[in-house]
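K.L.:
Pasting in a structure now, in C-alpha cells, and then I'll have a few things to ask.
The values are calculated or read from the model by the stated rules, or taken from the named source; none is laboratory data. Computed from a predicted structure; not experimentally measured. When we count neighbours, we look across all protein chains shown, and the Cβ atoms used for this are built from the backbone with ideal geometry, even at glycine.
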Amino acid sequence: MVSLLDIIGPVMVGPSSSHTAGACRLGLLARCLVGGTPDRARVELHGSFARTGEGHGTDKAIVGGLMGFRPDDERIRDALGIAEREGLDYRFEKTTLGEENEVHPNTVRITIERGDRSSVMVGSSLGAGRVLVTEIDGYPVEVTGNYHTIVLVAEDVPGSVARIATILAEDAINIATLRLTRKQRGGDAFMVIEVDEQPDEKVRTDIRALSWVRWAFRLDKVSA
C-alpha cells in the first residue's frame, strides 16, 4: 500500500527526504544510545550518502539529529556551526560497509561518545523519511523509529520475556510488537520491543537491574 507520506514526503528542512529527513532521524536515534547529545561523533557515510550527501545536506541533517533537532527544525541549515559552538566534536568519513547489493546506498555508521557511554549504530534512510537501524554495537536489529523502542541483550533464561513484559505493564506501557532472536539455546537473546507509550528512564533502569540483562537501550519514536 502506498501512503500519502510516500507520495508527498515528510515535512522537513532540505531538498531530499532520504538525504535530509531520513538522515536527521538516524541522528536522533543514535543520540538515544548515549542518553543525549554526544561529546564526540564519527560519521561514516556509505554509497549515495558518501557520493552526494554533502550536496544534499546529509552532514547537516545527521549532526542536527545528534543534537536533537527534528527534520522540520530550521536550525538544521546551520547545524554544523551550532555543533561547533556547543562543543560537539564530529568528523565525517567516506567508507564502504559492504557490497552494493547487500547494503542500502543511503547507509551510515555512527560512533558516538558521551561521558563514559559509547555506542555504534548502523542505519539506512529508505526514502520518504523512513529509516531502518540494522545494527547496534555489533548486534543485528530492525528498528524503524515508528514506535518508542526498547532494545536489549539478555541471557536466554526461562521467563525473561514475561518478566520484562511485567515491568512494562507495571508502568502502564503497552507492547506493540516484540521480536526475539537467539543464536543458540541458553546463549544470548536479543529483544526489540516496540511500545505505544514513551518509557521513562526508570523503565530502562529496572530492566538493566535484572541480573541476566547485559545491556538495554531506550530509543525514542522519530517518525511523524
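K.L.:
Of 123, 115, which residue is under 27 Å from residue 45 (Cβ atoms), modelled with pLDDT of 95 or more and more than 16 Å from the chain's Cα centre (by Cα)?
P.N.:
Step by step, each of 123, 115 is checked, and only 115 is under 27 Å from residue 45 (Cβ atoms), modelled with pLDDT of 95 or more and more than 16 Å from the chain's Cα centre (by Cα).
K.L.:
Here's a follow-up. Among the strands (runs of 3 or more DSSP E) confined wholly to the range 120-183, which include 3 or more residues that are out of contact with any Ser or Thr (no Cβ under 6 Å at 6 or more places or on another chain) and of a type in the set (A, V, I, L, M)?
P.N.:
By residue number, 148-155, 175-182.
K.L.:
Of everything in the range 160-188 that's modelled with pLDDT under 90 and of a type outside the set (Val, Ile, Thr), which residue is nearest to the chain's Cα centre (by Cα)?
P.N.:
So, considering only residues that are modelled with pLDDT under 90 and of a type outside the set (Val, Ile, Thr), the one nearest to the chain's Cα centre (by Cα) is 180.
K.L.:
Ok, one more. Looking at 68, 55, which one is in the same structural domain as residue 99 (by TED's automatic domain parsing) and either at pLDDT 95 or above or part of a loop (DSSP other than H, G, I, E, B) (or both)?
P.N.:
68
K.L.:
Name the residue that is surrounded by the fewest Cβ atoms within 10 Å (Cβ to Cβ), counting only residues in the range 127-142 that are in contact with a helix residue (DSSP H, G or I) (Cβ under 8 Å, 6 or more places away or on another chain) and at pLDDT 95 or above.
P.N.:
133
So that you can scan it fast, the table gives a plain yes or no per residue for (1) over 16 Å from residue 35 (Cβ atoms); (2) free of Cβ contacts under 8 Å to residues at least 12 places away in the same chain:
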{"residue": "169", "(1), (2)": "yes, yes"}
{"residue": "187", "(1), (2)": "yes, no"}
{"residue": "194", "(1), (2)": "yes, no"}
{"residue": "203", "(1), (2)": "no, no"}
{"residue": "213", "(1), (2)": "yes, no"}
{"residue": "216", "(1), (2)": "no, no"}
{"residue": "219", "(1), (2)": "no, no"}
{"residue": "222", "(1), (2)": "no, no"}
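K.L.:
Being out of contact with any Phe, Trp or Tyr (no Cβ under 8 Å at 6 or more places or on another chain) and crowded, with 20+ Cβ neighbours inside 10 Å is the filter here, so list the residues in the range 106-123 that pass it.
P.N.:
The answer is 110, 112, 121, 122, 123.
K.L.:
Restrict the check to the range 53-67 and report whether at least one residue is closer than 19 Å to residue 221 by Cα, without any contact (Cβ under 8 Å) to a residue 60 or more places away in the chain, within 15 Å of the chain's Cα centre (by Cα) and surrounded by fewer than 20 Cβ atoms within 10 Å (Cβ to Cβ).
P.N.:
So far as the range 53-67 goes, no, none of its residues is closer than 19 Å to residue 221 by Cα, without any contact (Cβ under 8 Å) to a residue 60 or more places away in the chain, within 15 Å of the chain's Cα centre (by Cα) and surrounded by fewer than 20 Cβ atoms within 10 Å (Cβ to Cβ).
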